[in-house]
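The structure that follows is given in the form of structure tokens.
The values are calculated or read from the model by the stated rules, or taken from the named source; none is laboratory data. These numbers come from a predicted model, not from an experiment. Every residue, glycine among them, receives a Cβ derived from its backbone with ideal geometry; neighbour counts consider all protein chains shown.
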Amino acid sequence: MPNPSTVIRKTAENVIRLGTPATFSKSVYIDEIRKRAEEIRTPGESDAQAFTKAITADPVGVALYKASKHAEGPEIEGDAPQDELDRPKEFHEFGPAHAKVEALARTHALKNPSKSMEQSRAAVMNRRPDLTSAMQREHLAAITGRRQA
């Protein structure tokens, strides 16, 4: 079973390669770029240098950066205006698989208060590849205007 970083990275690749919607918030992609920068850092390289290298020269970092440009929300988790945090999000417009993933993610987040919604969503998508595939088809249909079977 892939870890949340793997799910986020694969989702970023799909955003760029297939044009699927950015499933995660901008802050999740930026955080993942930081992790990737740490992985590829060379001795003596600063945080800023490693981050820049990740988003300009590393294929994984470039995909994450491009996906972050398609994502909504603040770059740093917790920077959203309070009214945005209080406003309920409507998922019924995306389709039943998306709504099911969101419902399961909310349940997961309630049972795991130390996890963010993005982490809970990644956990659900990791455990339910059938729902993940269906949700991606719904997103593609929403983008292209075509219904997928």
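Just checking, how many residues over the stretch 122-149 are aliphatic (A, V, I, L, M), touching a helix residue (DSSP H, G or I) at 6+ places or on another chain (Cβ under 9 Å) and either at pLDDT 75 or above or at positive phi (or both)?
Matching residues across the stretch 122-149 total 7.
Moving to a separate point now. Do the conditions hold for residue 67, that is, is it surrounded by 17 or more Cβ atoms within 10 Å (Cβ to Cβ) and at pLDDT 90 or above?
Yes; evaluated as a whole, the condition is true for this residue.
Another question about this same structure. On the given criteria, is residue 61 crowded, with 20+ Cβ neighbours inside 10 Å and over 21 Å from residue 125 (Cβ atoms)?
yes
Conditions first: (1) at pLDDT 85 or above; (2) of a type outside the set (A, V, I, L, M); (3) not in a loop (DSSP other than H, G, I, E, B). Residue 102 passes all but one, so which condition is the exception?
(1)
Among the hydroxyl-bearing types (Ser, Thr, Tyr) and surrounded by fewer than 20 Cβ atoms within 10 Å (Cβ to Cβ): which single residue out of 52, 11, 23 fits that description?
Values: 11 fails: surrounded by fewer than 20 Cβ atoms within 10 Å (Cβ to Cβ); 23 fails: surrounded by fewer than 20 Cβ atoms within 10 Å (Cβ to Cβ).
Result of the check over 52, 11, 23: 52.
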